[in-house]
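Chemist: Structure provided below as structure tokens; questions to follow.
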Amino acid sequence: MEVAIAKGTVYEALRAGGMSRRAFLQACAAIGAALALPPGSGRAIAQALTRTPRPSVIWLSFQECTGCTESLSRAHAPTLESLIFDMISLDYHHTLQAAAGAAAEEARREAMAANHGRYILIVDGSLPVGQPAYSTIAGISNLAMLQEAAAGAAAVIAVGSCAAFGGLPGAAPNPTGAVPISAVVRNRPLVTLPGCPPIGAVIAGTLAHFLTFGRLPECDPLGRPRVFYGETIHDRCYRRPFYDRGLFADTFDDEGARQGWCLYKLGCKGPTTYNACATLKWNGGVSFPIQSGHGCLGCSQPDFWDGGGFYRAAALPFGPLTGTAGIAAAAGLATGTAMAVANRKKRAAAKRAHQPITVADLEKSPGAQP
Ligand code: SF4
């Protein structure tokens with residue numbers, strides 16, 4: 001069987017696909033912007049990608065809903081997400097590959113053998129370790145397939161909240177004993193990109209970082225890249241001025257909702273949720289849930305589902321700021337404000353501790369050498 005083995009550099013692959021040099025430079029500038037790199041970094045990224053071999057990518061899907069793949073592949077215009085598919089050699093993906101059954105598994109093993117120690121492993125979905133037979137592919141348990149694939153990977157990317165934290169399959173009572181892939185992958189560079197689903201540009205940006213620098217981006221204690229998960233939704237929310245002025249929608253169809261006021265009283269979890277929705281947004285930067293009138297569900301946090309995220313009127317303490325309900329509302333607002341202050345302090349401390357990447361650093365980068 002013929003297997004697509006990664007050949008040539010990223011630049012060669014893009015040019016062979018019909019991309020002009022001008023479009024390539026524009027794409028590199030877009031990557032630099034997505035990674036929050038300084039102006040002028042696009043040229044340095046372009047230099048790195050002309051030296052970087054096009055990597056093989058193995059994508060495994062376990063207990064998941066395919067939303068993560070949809071998030072990355074639904075681009076209907078030449079975006080960073082669609083561009084990434086040209087930069088990599090996607091050698092195995094259940095949903096996107098043409099091969100099926102034994103032929104697909106043979107192709108996966110051949111691609112892994114041909115690129116041992118150099119391929120990137122992407123995983124979406126959680127692992128059923130309580131009862132491995134609950135989820136198998138070609139008769140192979142998810143656990144066995146992950147252990148085999150991780151052993152030869154240069155880096156592992158856990159895509160989506162299921163792979164990152166267990167997600168919906170891991171919610172109580174967790175009948176399959178679902179665990180995040182970090183419970184099994186311990187001796188390989190690992191990054192987690194939670195979200196239900198994660199933003200396509202976050203997946204693409206993380207891959208682009210690896211291609212450009214030859215390493216995964218700097219992460220927080222939960223393994224999330226700081227460049228995308230370093231701030232809360234609340235930190236960058238366009239409704240924040242209303243929060244600061246104490247202007248809140250009390251129902252989804254009151255005058256406050258029509259005026260676009262803060263959704264905190266309607267259960268918005270923006271103050272405790274770290275993600276880039278408020279800045280990168282969705283559907284090519286068109287909108288994000290809060291802009292559509294619904295509070296943040298906190299889908300990129302470890303307690304998503306069991307911690308709650310949906311509007312539950314009975315659980316909301318808010319109403320007129322009087323009596324017991326008023327005291328509860330005031331306590332809730334005070335908690336939110338205290339969290340915002342704490343987050344601001346954390347950000348300032350992180351900035352002091354973290355030296356930003358400069359163009360000079362980029363020019364020194366050897367590019368990925370998988
Ligand atoms: S509570 Fe929600 S809607 Fe209000 S400012 Fe914060 S993130 Fe935006």
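The values are calculated or read from the model by the stated rules, or taken from the named source; none is laboratory data. Please read these numbers as outputs of a predicted model, since none were measured by experiment. Cβ sites come from the backbone with ideal geometry, for glycine too, and all protein chains shown count toward neighbours.
Chemist: Being under 15 Å from Ile290 (Cα atoms) and without any contact (Cβ under 8 Å) to a residue 24 or more places away in the chain is the filter here; which residues of the range 218-246 pass it? Talk me through it step by step, then tell me what you get.
Modeler: Our first condition is that a residue be under 15 Å from Ile290 (Cα atoms); within the range 218-246, this holds for 232-243.
The answer is Arg240, Pro241, Phe242.
Chemist: Counting only residues that are more than 11 Å from the ligand (Cβ to nearest atom) and touching a residue at least 60 places away in the same chain (Cβ under 8 Å), how many does the range 248-280 have?
Modeler: 3
Chemist: Please determine whether any residue of the range 47-59 is hydroxyl-bearing (Ser, Thr, Tyr), modelled with pLDDT of 85 or more, under 30 Å from Gly166 (Cβ atoms) and in the same structural domain as Thr212 (by TED's automatic domain parsing).
Modeler: Yes, the range 47-59 contains at least one residue that is hydroxyl-bearing (Ser, Thr, Tyr), modelled with pLDDT of 85 or more, under 30 Å from Gly166 (Cβ atoms) and in the same structural domain as Thr212 (by TED's automatic domain parsing).
Chemist: Separate question: For Thr212, are the conditions met, namely being surrounded by 15 or more Cβ atoms within 10 Å (Cβ to Cβ) and away from the ligand (no atom under 11 Å from the Cβ)? Spell out how you get there, then give the answer.
Modeler: Details: surrounded by 15 or more Cβ atoms within 10 Å (Cβ to Cβ): yes; away from the ligand (no atom under 11 Å from the Cβ): yes.
So Thr212 passes the test.
Chemist: The conditions are (1) assigned to a helix (DSSP H, G or I); (2) charged (D, E, K, R); (3) in contact with a helix residue (DSSP H, G or I) (Cβ under 7 Å, 6 or more places away or on another chain), and Arg188 fails exactly one of them. Which is it?
Modeler: Single failed check for Arg188: (1).
Chemist: Can you tell me which residue among Cys196, Cys219 is in contact with a strand residue (DSSP E or B) (Cβ under 7 Å, 6 or more places away or on another chain) and away from the ligand (no atom under 11 Å from the Cβ)? Before you say what the answer is, go through the steps one by one.
Modeler: Working: Cys196 fails: in contact with a strand residue (DSSP E or B) (Cβ under 7 Å, 6 or more places away or on another chain).
Of the residues listed, the single one that is in contact with a strand residue (DSSP E or B) (Cβ under 7 Å, 6 or more places away or on another chain) and away from the ligand (no atom under 11 Å from the Cβ) is Cys219.
Chemist: Considering the range 222-247 alone, what residues qualify as being part of a loop (DSSP other than H, G, I, E, B) and within 16 Å of the ligand (Cβ to nearest atom)?
Modeler: Gly230, Glu231, Cys237, Tyr238, Arg239, Arg245, Gly246, Leu247
Chemist: Look through Gly285, Gly295 and report the one residue that is in contact with a Gly (Cβ under 9 Å, 6 or more places away or on another chain), part of a loop (DSSP other than H, G, I, E, B) and either modelled with pLDDT under 85 or surrounded by 18 or more Cβ atoms within 10 Å (Cβ to Cβ) (or both). So that I can check it myself, show each step before the final result.
Modeler: Values: Gly285 fails: in contact with a Gly (Cβ under 9 Å, 6 or more places away or on another chain).
Every option except Gly295 fails the conditions.
Chemist: Spot the failing condition for Pro39; the list is (1) surrounded by fewer than 18 Cβ atoms within 10 Å (Cβ to Cβ); (2) in a helix (DSSP H, G or I), and only one is missed.
Modeler: For Pro39, the failing item is (2).
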